[in-house]
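Colleague: Attaching a single structure in structure tokens format; questions to follow.
The values are calculated or read from the model by the stated rules, or taken from the named source; none is laboratory data. Note that this is a predicted model, so its numbers are computed, not measured. Using ideal geometry, Cβ is built from the backbone for each residue, glycine included, and neighbour counts are taken over all protein chains shown. These accessible areas exclude ligands, DNA and RNA; they are computed on the full protein's heavy atoms, side chains included. Shrake-Rupley method; radii C 1.70, N 1.55, O 1.52, S 1.80 Å.
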Amino acid sequence: MRSVEEHQRAVADLIRPRPPVTVALSDAEGLALAADVIAPISLPVFDNSGMDGYAVLADDVAGATPDNPVTLPVTEDIPAGRTDIPTLTPGSAHRIMTGAPVPHGADGVIPVEATDGGADVVRIGAATTRGRHIRPAGSDVSAGATVLRAGQLVNAPTAGLAAALGLAELPVQPRQRVLVISTGSELVEPGTPLAPGQIYESNGVMLSAAVREAGAEVVATATVADDTAAFTGVLERYGVYDGAVDLVITSGGVSAGAYEVVKDVFGRDGDQGVHFVKVAMQPGMPQGIGRIGGAGSGAAIITLPGNPVSAQVSFEVFVRPALRRAMNLPSPDRPRRNAVLREKLISPAGKRQFRRGLLDHETATVTSYGPPASHHLRYLASANCLLDIADDVTELPAGAEVQVWDLTGW
């Protein structure tokens, strides 16, 4: 059997980055910058007031105190947005608002709280120093400076800075486009009455949510019966052969039974570019990997087991980190933490086991949660970690240190 590490490398090699694109700021959120961003202008663009108050010459109010105020005529009103910048005459004041351009000749701003707020004549009860409450042009950003770096995640502050610099678009590493297909003739959509032998489809919903959480785009989520023509029809409908999809993720149809539609479509011997392997892990042993349309082109495909816990654990172990690396997103791997086991655990020989667990972050202790079988979805839904038990370990006593994958962190 293939080791977990070998299959991780194979999946990472399969999922390739898309070429960088330039997108609108609103579409860049959550993506990594594909190039450095150079400031086209300075910030602030012009000297502006940091306070609501009065622009003055510092020498004119040098002796002002609350008990001995200086009285000056107010000769201009300068609201934010005024585009004609006046000149301050010595011995006068201009009423000015926060963010408004400082008049030529002024070298200080008196906050309105230190005045009587006069509109025609103002009584100023405090002195100021040159430059006080003035934001100089370029004091935040100088034109030509590198303000954002390639690989940096576009978040609220970075988008705000880009907008402040007048940039309507940013170069980014685009999202991977993923088609999720859940297979099985027994599957019906939630909300539909169940007939005998039927179950509600959950893998597609779960894996699509996992794809979006990883930062990628879900092109579509499809459910297909165990019918090769129907499966191929889904691939054609969503443009898998036409370059509209980067990755296809399937669940089910990869075991050793008679009705394994994924194996039937792509051939069980790997001659159509998709290879089906066994990975030495529990859950998630049957896996498939390849490229639709040939080894050098076409969409990548990763085929996951049908049992829901196997599918989701396989996504965490193989797909999620590879997707995030292909999009150059930070923290592709879940945080690894060491914790003390609060119970005895048995693990199968020769298989790396991923057990659902409950990690107590305060005490750094962990307890397994639910049976190890791959159909117990209830426990996975409430687990906050995976216990990672090496393939050469068959028993762990209570009190042993074990590595866990923290599913609550990035």
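Colleague: Need the full-extension length gain, V74 to S142, defined as separation in residues times 0.36 nm minus the C-alpha distance. One decimal, nm.
Modeller: Residue separation times 0.36 nm, minus the Cα-Cα distance, leaves 21.1 nm.
Colleague: Which value in nm describes the separation of the simple spin-label points at R82 and I199, placed 7 Å from the Cα toward the beta carbon?
Modeller: Label-label distance for R82 and I199, simple model: 7.3 nm.
Colleague: Taking only protein heavy atoms and a 1.4 Å probe, what accessible area per residue, in Å², does segment 336-406 have with all protein chains in place?
Modeller: Each residue of segment 336-406 exposes 50 Å² on average to a 1.4 Å probe.
Colleague: Using alpha carbons only, how many angstrom separate the centre of segment 284-329 from the centre of segment 365-410?
Modeller: 22
Colleague: Scan around A35 for amide H atoms under 5 Å from its own, H built in the peptide plane at 1.01 Å from N, and keep only partners 5 or more places away or cross-chain.
Modeller: Amide H neighbours of A35: G151.
Colleague: Find how much the distance from R325 to S382 grows on full extension, using 0.36 nm per residue of separation minus their present alpha carbon separation; answer in nm with one decimal.
Modeller: Residue separation times 0.36 nm, minus the Cα-Cα distance, leaves 17.8 nm.
Colleague: Still on this structure, please answer the following. How high is the FRET efficiency between E213 and I38 when r is their beta carbon distance and R₀ equals 30 Å, given to the nearest 0.05?
Modeller: Efficiency for this residue pair is about 0.40.
Colleague: Can you pull the three principal axis extents for the Cα set of segment 267-410, in Å, largest first?
Modeller: 50, 33, 27
Colleague: Now a separate question. Under the definition of Cα pairs under 8 Å and six or more residues apart, what whole-number percent is the relative contact order of the chain?
Modeller: Computed value for the chain: 16 percent relative contact order.
Colleague: Which of R149, R130, R18 moves most in a GNM of the chain, Cα contacts under 10 Å?
Modeller: Judging by the Gaussian network model, the answer is R130.
Colleague: Let me ask something else about it. Would you mind computing, in nm to one decimal, how far apart the modelled labels at S3 and Y259 are, each placed 7 Å from Cα along Cα→Cβ?
Modeller: Here the answer is 3.9 nm between the modelled labels.
Colleague: Take peptides 104-113, 36-45, 66-75 and line them up by average Cβ neighbours within 10 Å, highest first, as a rough protection proxy.
Modeller: Numbers: 104-113: 19.1, 36-45: 16.6, 66-75: 14.1.
In descending order of packing, they fall as 104-113, 36-45, 66-75.
Colleague: Quick check for you: with a 1.4 Å probe and neighbouring chains kept, what is the accessible area per residue of segment 48-135, in Å²?
Modeller: Per residue, segment 48-135 has 48 Å² of solvent-accessible surface.
Colleague: Can you give the FRET efficiency to the nearest 0.05 for Q403 and T98, using r as the Cβ-Cβ distance and R₀ = 60 Å?
Modeller: With a Förster radius of 60 Å, E is 0.70.
Colleague: Order H361, H376 by their accessible area, 1.4 angstrom probe, all chains in place, largest first.
Modeller: H361, H376
Colleague: Follow-up. For the chain, what is the per residue volume of the convex hull drawn over the alpha-carbon atoms, in cubic angstrom? Walk me through the numbers before you get to the answer.
Modeller: Details: hull volume 86.4 nm³, N = 410.
In the chain, the Cα hull volume divided by residue count equals 211 Å³.
Colleague: A further question on this structure: So for segment 1-98, averaging the separation of alpha carbon pairs under 8 Å that are six or more residues apart and normalising by length, what relative contact order in percent results?
Modeller: 28
Colleague: Another question, if that's okay. Modelling each spin label as a point 7 Å along the Cα-to-Cβ direction, I'd like the A230/T363 distance in nm, to one decimal.
Modeller: Here the answer is 4.9 nm between the modelled labels.
Colleague: Sticking with this one: If the chain between A373 and D13 were fully stretched, how many nm would it gain, using 0.36 nm times the residue separation less the Cα-Cα distance?
Modeller: Stretched fully, the A373-D13 segment lengthens by 126.6 nm.
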